[in-house]
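Below is one structure; the comments refer to it alone.
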Amino acid sequence: MNEFLLARPDAVLRTSGVRKSYSDPREALAALRAWRSSPGRAQVADSAGERHDPAPTLIVGALPFDPREPAALWQPETVLHTAGPWRPAALPDLPEVRVVTEIPSPAEHVARVTKLVEQLADPANELRKVVAARSIVLEADAPLDPEVLAAHLLTRHPNAAVYAVDLSAAGRSGETLIGATPEVLIARHGERVSLHPLAGTVARLADPAEDAAQARELLASKKNHDEHAFVIDWIRRQLTPVCARLHIPDAPELLSTEQVWHLATPIHGVLRDPSTTALDLALLLHPTPAVNGTPFTAALDAIATDEPRRGFYGGAVGWCGDDGDGEWVVAIRGGELGADRRTLRASAGGGIVAASDPRAELAETTAKLRTLMNALRCELPND
């Protein structure tokens, strides 16, 4: 049905149906520009004679982690954009879910990170950061409803951006990308842009005093500041040519979710050219070093060599109108639901730098996987 849901704390966008789909983001951009310049975009008069711009035509969907793979973008038939938070009418129970596979195993993930740390410590190696991810495959006793799972995620993570995106436009009929992400890749409203990159993470602790100490330790950690700096430097390089003004704070701040603490930097800018759309900006930034690594191509190649295909984990979910406005979030803290509605693959990663501790990196991925698993009332073996 090509349904799309993006529920942020301040607004909800829902669409259904498809007029035209785009597996190539460049074709979607061309369509946006064609709609913007068409005669039908002329101002229209309301009943009082006031003239207004018509409602924008939208592109919605998801970008894959690897830009070389097909996207799942489309022009929807119906659009409902409302202010305020999403308030699901009901919250039916979810079926029982169990973990059937870990890819790779915890021991294999630690070994891979250990090898990466050795490579990153070698001055002759061009790599400076690589995001290493692992996945779990879950199986439900009965079909999972994507919207019901999204609603359960919302109740646990009301400050996240909850998403559910049909992946049929990428040739994956019946599959759905679902999650609750804390990270905004880019938002564009008029000439103003904003984003909130995250990099540098530790797990939350049950004891409040220990949890606060954990947060302070993260904020003081040179290793995590270095990891965060790779992301901010990339964003600065990418946005400086397209922004007349760009404000990036000198140091990150703390951001918390139910499972983890993050280092976060709120960034704001003003575009040089008002024709630069939110989709242009998303393609310019994605994937950032927060999900990929640095240098860009070397990190992307290392991930493609060492990991199974990521698909849409670490990709981006969002929308863009023919007026250029739009919002894109990073597709993390979720999973891909199969066409059978019973198989769910969830993934989580961590940024690896020369100072990384392999076992701490494993713990970080486990904490991130709990975003989805806690909503499903499911636990990892030996967790």
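The values are calculated or read from the model by the stated rules, or taken from the named source; none is laboratory data. From a predicted model like this one, the values you see are computed outputs, not experimental measurements. So basically every Cβ, Gly included, is an ideal-geometry build from the backbone, and we count neighbours across all protein chains shown.
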**Message:** Looking at region 351-380 only, could you name the residues that are under 27 Å from Tyr163 (Cα atoms), in contact with a strand residue (DSSP E or B) (Cβ under 7 Å, 6 or more places away or on another chain) and assigned to a loop (DSSP other than H, G, I, E, B)?
**Reply:** Leu376, Cys378, Leu380
**Request:** Working only within region 266-325, note down all residues that are of a type in the set (Val, Ile, Thr), crowded, with 19+ Cβ neighbours inside 10 Å and part of a loop (DSSP other than H, G, I, E, B).
**Result:** Thr277, Thr288, Val291
**Condition met for Gly349 (farther than 28 Å from Glu253 by Cβ, modelled with pLDDT of 95 or more, under 16 Å from the mean Cα position of the chain (by Cα) and small (Gly, Ala, Ser))** = no
**Item:** Odd one out for Leu80, checked against (1) under 30 Å from Cys320 (Cα atoms); (2) within 21 Å of the chain's Cα centre (by Cα); (3) not acidic (Asp, Glu)
**Value:** (2)
**Prompt:** Is region 276-292 home to any residue that is among the polar types (S, T, N, Q), under 25 Å from Lys222 (Cα atoms) and either over 15 Å from the mean Cα position of the chain (by Cα) or modelled with pLDDT of 95 or more (or both)?
**Reply:** yes
**Asked** Hey, which of the strands (runs of 3 or more DSSP E) in region 60-129, taking only ones fully inside, have at least 2 residues that are out of contact with any helix residue (DSSP H, G or I) (no Cβ under 6 Å at 6 or more places or on another chain)?
**Response** 78-83, 97-103
**Complete:** Just one listed residue, out of Val148, Val193, is out of contact with any strand residue (DSSP E or B) (no Cβ under 9 Å at 6 or more places or on another chain), at pLDDT 95 or above and among the aliphatic types (A, V, I, L, M), and it is Val148
**Prompt:** Taking region 189-204, which residues are over 14 Å from Leu281 (Cβ atoms) and among the basic types (Lys, Arg)?
**Reply:** Arg204
**Asked** Which ones in region 179-195 are in contact with a Leu (Cβ under 8 Å, 6 or more places away or on another chain) and over 12 Å from Ser256 (Cα atoms)?
**Response** Gly179, Ala180, Val184, Leu185, Ile186, Ala187, Arg188, Glu191, Arg192, Val193, Leu195
**Meets criteria (at positive phi, surrounded by 22 or more Cβ atoms within 10 Å (Cβ to Cβ) and charged (D, E, K, R)) for Arg333** = yes
**Asked** What's the number of the condition Leu153 fails, among (1) of a type in the set (A, V, I, L, M); (2) in a helix (DSSP H, G or I); (3) surrounded by fewer than 23 Cβ atoms within 10 Å (Cβ to Cβ); (4) touching a Gly at 6+ places or on another chain (Cβ under 9 Å)?
**Response** (3)
**Complete:** So, first residue on the phi < 0 side of the Ramachandran plot and touching a residue at least 24 places away in the same chain (Cβ under 8 Å) in region 300-318, second residue hydrophobic (A, V, I, L, M, F, W, C) and in a loop (DSSP other than H, G, I, E, B), Cβ within less than 8 Å, six or more apart or across chains; the pairs are Ala302/Leu127; Arg310/Phe65; Phe312/Phe65; Phe312/Leu167; Tyr313/Phe65; Tyr313/Ile332; Gly315/Phe65
**Item:** Pair list, Cβ under 7 Å, 6 or more apart: region 83-102 residue closer than 22 Å to Leu13 by Cα, other residue among the hydroxyl-bearing types (Ser, Thr, Tyr)
**Value:** Leu91/Thr155
**Which numbered condition Gln214 misses (of (1) of a type in the set (S, T, N, Q); (2) in contact with a helix residue (DSSP H, G or I) (Cβ under 7 Å, 6 or more places away or on another chain); (3) farther than 17 Å from Ile332 by Cα)** = (2)
**Item:** Conditions (1) among the aliphatic types (A, V, I, L, M); (2) assigned to a helix (DSSP H, G or I); (3) touching a residue at least 12 places away in the same chain (Cβ under 8 Å): number failed by Ala199
**Value:** (2)
**Message:** With of a type in the set (Gly, Ala, Ser), surrounded by 17 or more Cβ atoms within 10 Å (Cβ to Cβ) and touching a Leu at 6+ places or on another chain (Cβ under 7 Å) as the only criterion, which of Ala170, Ala161 stands out?
**Reply:** Ala161
**Item:** Number of positions in region 232-247 that are touching a helix residue (DSSP H, G or I) at 6+ places or on another chain (Cβ under 6 Å) and aliphatic (A, V, I, L, M)
**Value:** 1
